[in-house]
Amino acid sequence: ASPYEEVMEVTIVGAGLVGCLLACFLARRGHRVILYERRDDPRERGADRGRSINLAVSARGIDALRRLGLDREVLGEAIAMPGRMMHAPDGTLTFQPYSADRGHAIHSIGRADLNRRLLDAATALPGVEVRFGHRLTGLDPRTGDLEFDSGATTVRARVVIGADGARSAVRATLQALPGTDFSQEYLDYGYKELSIPARDGAFAMEPGALHIWPRGRSMMIALPNPDRSFTCTLFWPHDQLAALDDPRRISAHFAEHYADACDLMPDLVPAYQANPVGHLVTVRCSPWHVTTAAMTVGLVGDAAHAIVPFYGQGANCGFQDCVELDRCLDETGDDFPRALELFERRKADTDVIARLALDNFVEMRDKVGSRLFLAGKRAEHALERLLPGRYVSQYELVSFTTTPYAEIERRVARRRRLVAAAGAAVLAMGVTAGLARAARRR
Ligand code: FAD
């Protein structure tokens, strides 16, 4: 039974990762939730079961799952990655732990499996219904009417939350309203997914790591799957991806730049030719909600703030959105218009992780291979062990805590100022001592 006065019927558009998790949070509060999803039920035989790609889930995602009692089940299927394994062009491997605390790891999870589990969790709750095969095609905030392409269905709703991803149809409605700021920024890089299958039933590389081939202008990463394969993602400028257009060139390029991986990819050429190129976009939109006399519409997850994947935070951030919206509902007594207004405070955080994710691309494709970078990381971990709780790296704060992203940025900036001031003081002391010595000599 709901602890609140009014049980709302909430319509969520998109039964992806964030839509399903939000449905669980809302159902737990006693609300009735209807999810509209354009795809067919991925749990049914014959349905599009999604690509076998994976993602890294870390502290924010795990915290959200834990609040719903889903963490053990999800992590049970995941593979812990306590660090990065760098592959140099000559095949040399270097393992770099993510944290000074060897117990900390990010977790590789099959995206389609996670979605199916979250669908199971949501539909097991009373009051949750998923209507598959319903693609939202129109939303009229003046009337509260939603239109779907499935047999020209129209429904009327009072509270609609768009969890329909980076190309959100719900967001398109908000964008059309006066007063809404919107931008989308595509990287000139695309990505292509490839695979390293199991070898004789075993992982062909060390499974306890996120593998990286940093190559300056390009980069490939590989995450382990429970079936002992790896999903590789090659990031490269679009024109370069397209220029690799015949089998000979594909084989030659991989043999030159990714020799050790190439040996483990028997299907490299057909996979490269068949797999589509994905786009990488940062979406910014403000506000994320609108309330009219007829309805309230809000956005969560990628629909509100799609980011590039280089910090492994998109889904984690979307899951944290659900925790934050749940908190806003607590603070407003489940008054959805006010809760969605309060939820706008999260934009300060999502703007920061959007920036950090873009910055991390440079780090991953360029810097992680350098000795200087690795020495810096070792020094950082030594400092963390020396000053526990007082010196905490940015990566640690982002991936292994739930500290708000904006607070992390403030903390790191403060520390940089302190280090710069200390450096300047040391320099000044050196100059003063030098001048004093020179004066004595004269
Ligand atoms: P989505 O997952 O896009 O789900 C949206 C849902 O809405 C889908 O089910 C879709 O079918 C449905 N839908 C869309 N339009 C409509 C419509 N008009 N009507 C009805 N339904 C609709 N994040 C991490 O945390 N860690 C990682 O390691 C990571 N790696 C990534 C690697 C790559 C290459 C990419 C591209 C992303 C990665 N991400 C990662 C980001 C992560 O995938 C997204 O942030 C996450 O999937 C967002 O979830 P969502 O539910 O908001 O949107």
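Taken together, the values in this text are just the output of simple stated rules run on the coordinates, not laboratory data. Just so it is clear, the model here is predicted, and its values are computed rather than measured. Here the Cβ is made from the backbone with ideal geometry for all residues, glycine too, and neighbour counts use every protein chain on show.
Can you list, largest first and rounded to whole Å, the semi-axes you get for the chain by taking the square root of 5 times each eigenvalue of its Cα gyration tensor?
Details: eigenvalues 320, 183, 84 Å².
Rounded to whole Å, the semi-axes are 40, 30, 21.
Determine the percent antiparallel among the DSSP beta bridges restricted to the chain, to the nearest 5. Show your work: numbers first, answer last.
Values: 50 of 70 bridges.
That works out to approximately 70 percent antiparallel.
Using the alpha-carbon centroid of each, what span in Å lies between region 332-360 and region 281-316?
With region 332-360 and region 281-316 each reduced to a Cα centre, they are spaced 8 Å.
If you rank R38, R410 by fewest surrounding Cβ atoms within 10 Å, what's the result? Intermediate results must be reported in sequence, preceding the final value.
Working: R38 19, R410 12.
Final ranking by Cβ density, sparse to dense: R410, R38.
Below 8 Å, C-alpha to C-alpha, sequence gap of six or more: please give me the relative contact order for the chain in percent. Don't skip to the answer; put the middle values down first.
Numbers: 810 pairs, mean separation 81.9, N = 442.
Value for the chain: 19 percent.
How do 202-214, 244-256, 71-83 rank on mean C-beta neighbours within 10 Å, highest first?
Details: 202-214: 18.5, 244-256: 13.8, 71-83: 16.6.
Result, highest mean first: 202-214, 71-83, 244-256.
Apply the a/c threshold of 1.5 to the C-alpha gyration tensor of region 83-185 and tell me whether it is rounded, prolate or oblate.
Values: a/c = 3.00, a/b = 1.96, b/c = 1.53.
It comes out prolate by the Cα gyration axes.
Mind checking the angle between helix 111-123 and the chain's longest principal axis? C-alpha axes, 0 to 90 degrees, to the nearest 10.
Computed tilt is about 40 degrees.
Hey, which lysines would be in cross-link range of K377, C-alpha to C-alpha under 23 Å, not counting anything within fewer than 8 residues on its own chain?
Reachable lysines: K367.
Please tell me the relative contact order of region 186-279 in percent, rounded to the nearest whole number, where contacts are Cα pairs under 8 Å and at least six residues apart. Display every interim value, and only then the final one.
Values: 144 pairs, mean separation 35.6, N = 94.
After rounding, I find 38 percent.
Just to check I understand the Karplus step: with θ = phi - 60° and J = 6.51 cos²θ - 1.76 cosθ + 1.60, what whole-Hz values come out for region 270-283, glycine and proline as x?
x, 5, 4, 6, 8, 6, x, 8, x, 9, 10, 10, 10, 10
Work out, step by step, the length gained on full extension between R411 and D239: first 0.36 nm times the residue separation, then minus their alpha carbon distance; give nm to one decimal.
Details: separation 172, 0.36 × 172 = 61.92 nm, distance 3.87 nm.
Extra length from R411 to D239 when fully extended: 58.0 nm.
So what's the gap between the Cα centers of region 62-103 and region 138-194, to the nearest angstrom?
Between the Cα centre of region 62-103 and that of region 138-194, the gap is 33 Å.
Hey, can you grab everything whose amide H is under 5 Å from the amide H of V130? Only 5+ residues off in sequence or another chain; H modelled, so Pro and N-termini drop out.
L35
Name the residue, out of D330, D63, D200, whose mean-square fluctuation peaks in a Gaussian network model built on the chain with Cα pairs under 10 Å.
So, out of D330, D63, D200, the one fluctuating most is D200.
Looking at region 326-366, what % of the alpha carbon pairs are farther apart than 16 Å? Don't jump to the answer; show the numbers that get you there.
Values: 423 of 820 pairs.
Everything past 16 Å amounts to 52 percent.
Nearest 10 degrees is fine. How inclined is helix 405-441 to the longest principal axis of the chain, computing both from alpha carbons?
Computed tilt is about 20 degrees.
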